Amino acid sequence: MPAKRYRPKPAKVIPGAAEAAAGRLAAAAGRVATINLGAMTGRADITRGSRVRIGSGLYAGEFAIVESVIGGVIPAAQVRTEAGGSRRVRTIDLVPAPVEKAPKTPGGVPPPDQEPT
């Protein structure tokens, strides 16, 4: 009986496979994370009780009060929004809110009290 010979099957070529692989590589390159090295320094002007605006994330654009500041490699703060939501945010993503001033009266004189009629 003759010896069996090994005959490999020809590779299957799928049309468009090379283009699909190139598309997957391009999409993966767009998902590469970037690291903001400035986040490690934190912000010195963010303290407990500060009124801030959240710059990014779940509550982006909302005003909040800082409940606590957490140190570490990337400093963070526990904040409570005006709507009542609470979350931890990197201090680099917090912007101090402008101080609200009372409206000024003309001439710097306080308005007279209204007398009951």
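Normalised by the residues of the stretch 38-96, what does the relative contact order come to in percent, with Cα pairs under 8 Å and at least six apart?
On the way: 126 pairs, mean separation 22.0, N = 59.
The normalised contact order for the stretch 38-96 reaches 37 percent.
Tell me the relative contact order for the chain as a rounded percent, counting alpha carbon contacts under 8 Å between residues six or more apart.
Working: 131 pairs, mean separation 22.5, N = 117.
Dividing the mean separation by the residue count of the chain yields 19 percent.
Amide H of ALA97 versus every other amide H placed in the peptide plane: which residues, excluding those fewer than 5 positions away on the same chain, fall under 5 Å?
For ALA97, the qualifying residues are ARG51, VAL52, ARG53.
Using Cα centres only, tell me the gap between the stretch 77-92 and the stretch 47-74 in whole Å.
Centre-to-centre (Cα) distance: 5 Å.
State the answer as a single residue: which of ALA77, ALA28, GLY42 lies farthest towards the positive end of the charge dipole of the chain, with beta carbon charges of +1 for Lys and Arg and -1 for Asp and Glu, about the Cα centre.
Of the candidates, ALA28 comes out farthest on the positive side.
Among (1) 1.17; (2) 1.03; (3) 1.51, only one was calculated for this model; which label is it, if the read-out is Rg/Rh (Cα atoms, Kirkwood Rh)?
(3)
To the nearest 10 degrees, how steeply does helix 17-30 sit against the main Cα axis of the chain, on a 0 to 90 scale?
The answer is roughly 30 degrees.
Each value in this text was obtained by applying a stated rule to the coordinates, not by laboratory testing. Just so you know, these numbers come straight off a predicted model, no measurement behind them. All Cβ positions, even for glycine, are placed from backbone atoms using ideal geometry, and neighbour counts span all protein chains on display.
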